[in-house]
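Notes follow once the structure below has been shown.
The values are calculated or read from the model by the stated rules, or taken from the named source; none is laboratory data. Only a predicted model underlies this, so the values are computations on that prediction, with no experimental measurement involved. Because the Cβ atoms are built from the backbone with ideal geometry, glycine has one as well, and the counts that use them run over all protein chains shown.
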Protein chains: 2
Amino acid sequence: MIERKEHLFIVFENLLSIKNQCSSEILCECGSSDITMKQVRYLQVIDEHGEITFSKLAEVTRNSKPTISEMINKFIRMEYVYKKRSPDDGRIYYICLTEKGQNVCRCEQIALLKLTQRMVLSLNEAEVSTLIGILGKVR
Amino acid sequence: MIERKEHLFIVFENLLSIKNQCSSEILCECGSSDITMKQVRYLQVIDEHGEITFSKLAEVTRNSKPTISEMINKFIRMEYVYKKRSPDDGRIYYICLTEKGQNVCRCEQIALLKLTQRMVLSLNEAEVSTLIGILGKVR
DNA sequence: GGTTCATTAGTTAGTCATTACCTAATTATA
DNA sequence: TATAATTAGGTAATGACTAACTAATGAACC
C-alpha cells in the first residue's frame, strides 16, 4: 500500500523530470535560458490575445504605458515580438509574437506534448488507451 | 490515432495543472508567492547539504562570501533559514533551513506528492498498479 | 602556559548591472 | 482637443562584486 504510493510518486517524478528537461532544452535552443518568469507571463498574455495594442496590454497587465513601451522594446531586441502598424489608425501598433516568442511562452505545453509523444512511442495502443481511461478519472 | 495522442496530452495537461495549483498554494501559504527562481535554487542547494557553512556555500554556488553573507541575511529576514554557531570553531556558522524554507524549496516535490495522493484516492488499487506498470515503461 | 603572527570565517561599506516599475512631458495621429 | 505611444528622468529591488574590516583559530616560539 505504502509501497504503491511511493512507486506512483517515483514514476511521476520521472515523467516530470523528462518534461522539465524538454522545457530547459526548448529555452536553451531559443537562447532564452535566463528569461524571467515575469517576462514569460507577459509573453503569455500577448499569446492569449493573438495580437494586442500597447494600450490594451497596459490595461490588461495593470502597468503604465511607458512601462509597456520599454518592455516591448526589450522584447523586440530579444526577438520575441514585433510590432505592426495599424492600417486604420496611425497612432496604433499591434504587438505580435515571433516564432521564438511563441516557443518561449508555450515551452511548457511544447514540452508536455513532447513527453506525451514519447509516451506514445514507448507504449502500445492498448496501454495508451488504458492510461487515458484511468488518468481521466483523476480529479 | 491522432485522437489518442491529443487525449493523452489533455489528461496530462490536467494533471500538471493540478500539480501547478498545489505548488502555487504551497508558496502562497508560505507567503512566498513572489520568491525568485534563483532564491529557490539557493535554498535547494542548502537543502541538499542539510546544513552548510558560508564558505562552503560560496564555493558550491561560485559566489563571493560577501554575496552569500547578504543573501543569507535576507533569507533569515524572510524566515527561510537560520544560522547555528559551530560548537567547535567560533568562526564558523552553519546555515540551516527553517520549516518554511524546506517547504518552499521542496514545493514541487510536495505538490507532486499531493497529486499522487489524490490519484490514489480517485483510483482503485488495480488501476494504480496498472498505471505504475505502464508509466514505468516510459523512457 | 602565554605571546605573536598568519590564516580563516564572516561582515560591512561602497559599488555596478539588470529588472521592473513610475510620472511628466513630448510627438504623432485622429 | 483627445488619444496612442515614446522619451526622459527617476525609484526600488535583485544579484553580483572588491576592499577593508573584525573575530576566532592555530602554529611557532619563548
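Listed values, structure above:
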item	result
Residue under evaluation residue B:89, criteria (1) at pLDDT 95 or above; (2) within 14 Å of DNA strand D (Cβ to nearest atom); (3) of a type in the set (D, E, K, R), criterion not met	(1)
Test: residue B:100 is surrounded by fewer than 19 Cβ atoms within 10 Å (Cβ to Cβ), under 17 Å from residue A:17 (Cβ atoms) and among the charged types (D, E, K, R)	no
Residues being part of a helix (DSSP H, G or I) and crowded, with 19+ Cβ neighbours inside 10 Å - total across the stretch B:25-38	1
Hits in the stretch B:1-40 (condition: among the polar types (S, T, N, Q) and more than 16 Å from DNA strand D (Cβ to nearest atom))	B:14, B:17, B:20, B:21, B:23, B:24
Sole residue being in contact with an Asp or Glu (Cβ under 9 Å, 6 or more places away or on another chain) and either over 23 Å from residue A:28 (Cβ atoms) or β-branched (Val, Ile, Thr) (or both), chosen from A:65, A:84, A:56, A:100	A:84
Every residue from the stretch B:68-82 that is of a type outside the set (A, V, I, L, M) and either in contact with a helix residue (DSSP H, G or I) (Cβ under 7 Å, 6 or more places away or on another chain) or more than 8 Å from DNA strand C (Cβ to nearest atom) (or both)	B:69, B:74, B:75, B:77, B:79, B:80, B:82
Hey, residue A:10 away from chain B (no Cβ under 14 Å) and of a type in the set (Val, Ile, Thr) or not	no
Lone unmet requirement of (1) within 24 Å of residue B:23 (Cβ to Cβ); (2) within 14 Å of chain B (Cβ to nearest Cβ) for residue A:62	(2)
Residues located in the stretch A:1-24, provided they are in contact (Cβ under 8 Å) with a residue 60 or more places away in the chain and either charged (D, E, K, R) or touching a strand residue (DSSP E or B) at 6+ places or on another chain (Cβ under 8 Å) (or both)	A:19
Residue ID - farthest from residue A:128 (Cα to Cα), chosen from residues in the stretch B:122-135 that are more than 8 Å from chain A (Cβ to nearest Cβ) and assigned to a helix (DSSP H, G or I)	B:126
Candidate set: the stretch B:85-97, residues that are near DNA strand C (Cβ under 8 Å from one of its atoms) and surrounded by fewer than 11 Cβ atoms within 10 Å (Cβ to Cβ); chosen: the one farthest from the other protein chains (Cβ to nearest Cβ)	B:89
Residue count, the stretch A:31-47 (criterion: over 16 Å from residue A:82 (Cα atoms) and away from chain B (no Cβ under 14 Å))	1
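Residues checked against (1) assigned by TED's automatic domain parsing to the domain that holds residue A:8; (2) part of a loop (DSSP other than H, G, I, E, B); (3) in contact with a His (Cβ under 9 Å, 6 or more places away or on another chain):
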| position | (1), (2), (3) |
| --- | --- |
| A:22 | yes, no, no |
| A:40 | no, no, no |
| A:55 | no, no, no |
| A:66 | no, no, no |
| A:74 | no, no, no |
| A:87 | no, yes, no |
| A:111 | yes, no, no |
| A:120 | yes, no, no |
| A:137 | yes, yes, no |
